[in-house]
Number of protein chains: 2
Amino acid sequence: MNFQVTILGSNSAKPAHGRFMSSQLVNFNEKLFLIDCAEGTQFRFQDFKIKFLKISHVLISHLHGDHIFGLPGVLLTMSLNNRSEDLHICGPFGIQDFIETVLRLSQSHLSFNIIYKETNPSIVNNIYVDNNFTIISFPLKHRIPTQGYFFREKYSEKKLNKIKIDQYEIPYQFFDRIKKGEDWTNSQGEKISNAELTFENPNPRSYAYCSDTEYDEGILNYIQGVDLLYHEATFMHELSNQALKTGHSTAIQAANIAKLAKVKKLLIGHFSSRYSNLKPLLEEAKSVFINTELAVDGCTHIV
Amino acid sequence: MNFQVTILGSNSAKPAHGRFMSSQLVNFNEKLFLIDCAEGTQFRFQDFKIKFLKISHVLISHLHGDHIFGLPGVLLTMSLNNRSEDLHICGPFGIQDFIETVLRLSQSHLSFNIIYKETNPSIVNNIYVDNNFTIISFPLKHRIPTQGYFFREKYSEKKLNKIKIDQYEIPYQFFDRIKKGEDWTNSQGEKISNAELTFENPNPRSYAYCSDTEYDEGILNYIQGVDLLYHEATFMHELSNQALKTGHSTAIQAANIAKLAKVKKLLIGHFSSRYSNLKPLLEEAKSVFINTELAVDGCTHIV
């Protein structure tokens, strides 16, 4: 099953150096989740050919402008494109008031319903569950109530052992059941164990989004061993005082979290506009946690 | 004195074909006025190297999203750039509630004061006056309360006749007074008439912004003889029913208004996203009013 993250904006606060502000798209098995929605997100849908009408959920981390000011425009454009499916919008208390006030004052009428889920970011919230995966939110430490999101596959399907499948001449209609763990009984009543027909499934994959947040080891409880961690790294470490003052992290701090949580890969983003060249941030993070990459607008990461 | 209009966005409703939505900048004698502020306006400031901190007034035509959703982001970015001067925001009733609610819910604190002027768009309002020019708003006919803006130079200074100025050896300190119409008395008490020292001033220049509006000859009272008229032309005339239904104009209708008002130049904009090629709209308008141009993002027009 497909599980990937596309960066739509990697800058903080204001656009700079060709970087838009916070927004990204998680595609899990062709189900699309938009995380944060800064001004210009709908332009990024065009730039990167995103099938934005397929987005089922918008997940907002917090109500700062550089994470939500693109949402009204996205809603209007979905409506202009005659969306009819419900859209779920999840975020800290206040998100519904924000959307409804903006729509009311701009006398905008949408072609679809919005289903709100307002949360208290200081606790863990169950956000979404289906047969394949779950999403929870968890507390981040920022200037205003803020939550991260954790996507976790429920299980991975087993992989078929093609040689055995061919040997027992199993029809393809049964592949899905075998992938899910069933044994196979052939026309002579002979039972072939699932273990013989499949390879063990890998660990369930997971993705965590942590932005905006100051350095906070409290999040280790939620993101331990995650496959891909997006952690904000607004500043170089020489500005750690500035980071603390504004509720943000440095590249070193993001890498420390990745190291302590034993994540597989770290993706840093939410860069300050003062940095046109991001290499020093990457190098700083890599000095602590080698498997680090820069978030780049338009790039997709496989979880 | 400089008097020019720069198009920041020429599309209606949503971004398309590289065109942003309604926003433009009027520069009169280095005083900057932003008319409308769709999502992405702050990106256009960067694209076209606009000195946006110098904007003193934001003039909003109406509260539809494609005319105001960029304003919160512009305010935040002005604040991040440490603006300290007051910013004047003028628009129909509701604009203050929109800005204040968005700033409150996003917990945004600006580095400068906003001075609001909320208007009743169904009447003429005095918006701005200084020694050099005036701005009024006037009613447009749209689905929601909407107003156009009319910029008019108070007078043009006379031009100096340099040959005469040299002949009478007039010191440059007196040039401004002579441009304003004073006679000159030399050290022997001899009086030289202003008419001898100057050329007549041209007519005061003027600019009118009409968007969004359906075809409405009522606006002729306000825009008669204007040097440059920006009039929306959302549709081709074959969609005139659609135009009427949505409170918009066709290219032919915009040109008719220009012709009846005997304007010098017509600029059409606010194009429907259905048109990737705008030439047919231009040709349609030119068939009625020859001196028509297309609004193009990034282009500047001298009034």
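The values are calculated or read from the model by the stated rules, or taken from the named source; none is laboratory data. Remember, predicted model here, so these are calculated numbers, not experimental data. Don't worry about glycine lacking a Cβ; one is built from the backbone with ideal geometry, like all the others, and counts go over all protein chains shown. In case anyone asks, the SASA skips ligands and DNA or RNA and just uses the protein heavy atoms, side chains included. Shrake-Rupley method; radii C 1.70, N 1.55, O 1.52, S 1.80 Å.
Can you tell me which residue within segment A:80-98, out of those that are within 12 Å of another protein chain (Cβ to nearest Cβ) and open to solvent by 20 Å² or more (accessible area, probe 1.4 Å), is nearest to residue B:11 (Cα to Cα)? Result: A:80.
Considering only segment A:83-142, state which residues are over 30 Å from residue B:246 (Cα atoms), in a loop (DSSP other than H, G, I, E, B) and of a type in the set (A, V, I, L, M, F, W, C). Within segment A:83-142, A:93, A:123, A:124 meet the criteria. In segment B:25-32, the condition of being more than 10 Å from chain A (Cβ to nearest Cβ), in contact (Cβ under 8 Å) with a residue 24 or more places away in the chain, open to solvent by less than 10 Å² (accessible area, probe 1.4 Å) and among the aromatic types (Phe, Trp, Tyr) is met by at least one residue.
Working carefully through the options A:230, A:207, A:222, find the one that is at pLDDT 95 or above, under 18 Å from residue A:148 (Cα atoms), in a helix (DSSP H, G or I) and touching a strand residue (DSSP E or B) at 6+ places or on another chain (Cβ under 8 Å). Lay out the reasoning, then the answer.
On the way: A:230 fails: in a helix (DSSP H, G or I); A:207 fails: in a helix (DSSP H, G or I).
Testing whether each residue is at pLDDT 95 or above, under 18 Å from residue A:148 (Cα atoms), in a helix (DSSP H, G or I) and touching a strand residue (DSSP E or B) at 6+ places or on another chain (Cβ under 8 Å) leaves just A:222.
Restricted to segment B:51-68, and to residues there that are open to solvent by 10 Å² or more (accessible area, probe 1.4 Å) and free of Cβ contacts under 8 Å to residues at least 40 places away in the same chain, the residue that is farthest from the other protein chains (Cβ to nearest Cβ) is B:56.
For segment B:33-50, a residue qualifies if it is over 22 Å from residue A:65 (Cβ atoms) and open to solvent by 10 Å² or more (accessible area, probe 1.4 Å), and the qualifying residues are B:48, B:49. Any idea which residue in segment B:9-18 is farthest from the chain's Cα centre (by Cα), counting only those that are within 14 Å of another protein chain (Cβ to nearest Cβ) and open to solvent by less than 20 Å² (accessible area, probe 1.4 Å)? This residue is B:16.
Checking each residue in segment A:280-300 for being over 26 Å from residue A:25 (Cβ atoms) and in contact (Cβ under 8 Å) with a residue 40 or more places away in the chain picks out A:280, A:284. Take residue B:254 and tell me if it is open to solvent by less than 10 Å² (accessible area, probe 1.4 Å), outside any strand (DSSP E or B) and within 16 Å of residue B:303 (Cβ to Cβ). Spelling it out, it is not the case that residue B:254 is open to solvent by less than 10 Å² (accessible area, probe 1.4 Å), outside any strand (DSSP E or B) and within 16 Å of residue B:303 (Cβ to Cβ). Taking the conditions (1) touching a strand residue (DSSP E or B) at 6+ places or on another chain (Cβ under 7 Å); (2) under 30 Å from residue B:284 (Cβ atoms); (3) open to solvent by less than 60 Å² (accessible area, probe 1.4 Å) in turn, residue B:246 satisfies each one other than (1). Against the definition (in a loop (DSSP other than H, G, I, E, B), touching a helix residue (DSSP H, G or I) at 6+ places or on another chain (Cβ under 8 Å) and β-branched (Val, Ile, Thr)), how does residue A:50 come out, yes or no? In short, yes.
Rundown of residues vs (1) surrounded by 13 or more Cβ atoms within 10 Å (Cβ to Cβ); (2) in a helix (DSSP H, G or I); (3) of a type in the set (Val, Ile, Thr), yes/no style:
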residue: A:147; (1), (2), (3): yes, no, no
residue: A:165; (1), (2), (3): yes, yes, yes
residue: A:173; (1), (2), (3): no, yes, no
residue: A:178; (1), (2), (3): yes, yes, yes
residue: A:187; (1), (2), (3): no, no, no
residue: A:196; (1), (2), (3): no, yes, no
residue: A:212; (1), (2), (3): yes, no, no
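Taking segment B:105-138 as the range and being out of contact with any strand residue (DSSP E or B) (no Cβ under 9 Å at 6 or more places or on another chain), farther than 20 Å from residue B:56 by Cβ and exposed (fewer than 14 other Cβ atoms within 10 Å of the Cβ) as the test, only B:109 passes.
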